[in-house]
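The structure under discussion appears below in the form of structure tokens.
The values are calculated or read from the model by the stated rules, or taken from the named source; none is laboratory data. Predicted model only: the values in this text are computed from it and were never measured. Note: ideal-geometry Cβ built from the backbone for every residue, glycine included; neighbour counts use all protein chains shown. Protein only, heavy atoms only, side chains kept; ligands, DNA and RNA dropped before computing areas. Shrake-Rupley method; radii C 1.70, N 1.55, O 1.52, S 1.80 Å.
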Amino acid sequence: MDTRADQTQSRRSECETTVATAPGKVILFGEHAVVYSRPAIAVPVMDVSARATISPGELGGGVHILAADLPAPDGNPGGHRYRLRDAASDDPLRASVELALDAFLHNGSEPDVLVTITSTIPIARGMGSGAAVATAIVRAVGRHFGHDPQPEGISPLVYEVEKLHHGTPSGIDNTVVAYAQPVFFVRGEGMKRLSVGARLNLVVADTGVVSSTREVVGDVRRRWSADTERYEGLFDEIGAVARLAKSAIERGDPKAVGRLMDENHELLMTLGVSSPELDTLVKAAERAGALGAKMSGAGWGGNMLALVEADRAPTVASALRGAGAASTIFSQIS
Ligand code: PMV
């Protein structure tokens, strides 16, 4: 029988709201080659983030999802609200909530909660929006039900969601976003934190072109199958650049890091994943005095990065906007 104290407690938990966030990310070195087990480097971008809020729902209503500013799986613009069990089984938001409930609630029941998602991370631009949304959901659900989920528990769940977005993800996005730390990543080897010897000042510029990671990765896969020797050679070269970059970042040598970004971009052009818009922005950054620049993520659109001396950041950012960037973000990595 409920005592008055129990009723007060249960009324209090019914009113509880739990919030969790996760950052965006960029890949500094080694995209694509990382899918083929070469090393890569990624860093969190704390200036943009996804946020999940768990709040009490209607009694007996189950889980509802409110994707406040994300487009719906059917392409409808944001602001839509739906019942978890009405969503397609490959809806990434549904998958994130279900994986988290399985991991943290254990009893197979569906709680009456509203999961509200908001995000400032540009979608389909190589900034880890999908991984960040999933991380925020898993973290928020875990906390709401009395757990304190840690990155090593969150990252494998987010990897499962990433498979819905990408098909065959390397695992770098879920790792860097769940740990929110710079990582030196080799597929299957887990998290290795990368120490940053001297702050890296990055201008991230958006081409404004939406690109599907699944399509670009699939195209590289087809070309790799048709000419494995050539592509394995390119992946080796990209992996070698990533290893040199690791040392340069650790010893705090931004000039060397910049030169290696230029080399990595050339290799990605040869790999066939850059685009005229990305190449234009890379050249504009270099002309404006960046230490180095490259595309970032899957390519054919999305974002590029310019490494700059902090005082050059405004000049480089305005040169990038002048050369067609839809927006720029300044982010410092340490
Ligand atoms: O565009 P993004 O941020 O999803 O990055 C894709 C990175 C790839 O190396 C191309 C794919 C992967 O799974 O690592």
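Observations, loosely collected:
- Remark: accessible surface ordering of ASP91, ASP86 (largest first) is ASP86, ASP91, probe radius 1.4 Å.
- Within the assembled protein chains, the solvent-accessible surface assigned to ASP102 is about 110 Å², based on a 1.4 Å probe.
- Scaled to the globular estimate 2.2 N^0.38 Å, the Cα spread of the chain, given as radius of gyration, is 1.05.
- Kirkwood hydrodynamic radius over Cα pairs of region 3-193, then Stokes diffusion coefficient at 10 °C and 1.306 mPa s, in µm²/s: 94
- Residues THR135, THR118 ordered from highest to lowest accessible area at a 1.4 Å probe: THR118, THR135.
- In terms of its Cα atoms, region 200-333 spans 46, 34, 21 Å along the principal axes, sorted from long to short.
- Over all orientations, region 247-289 has a Cα convex hull whose mean projected area works out to 3.3 square nanometres.
- The peptide list 47-58, 224-235, 245-256, put in order of mean Cβ contacts within 10 Å with the highest first, becomes 47-58, 245-256, 224-235.
- Largest GNM mean-square fluctuation across ALA178, ALA323, ALA132, computed for the chain with C-alpha springs under 10 Å, falls on ALA323.
- Degrees between helix 313-322 axis and first principal axis of the chain (Cα, 0 to 90, nearest 10): 90
- Stokes-Einstein diffusion coefficient of region 117-168, Kirkwood radius over Cα pairs, 37 °C, 0.692 mPa s, in µm²/s: 283
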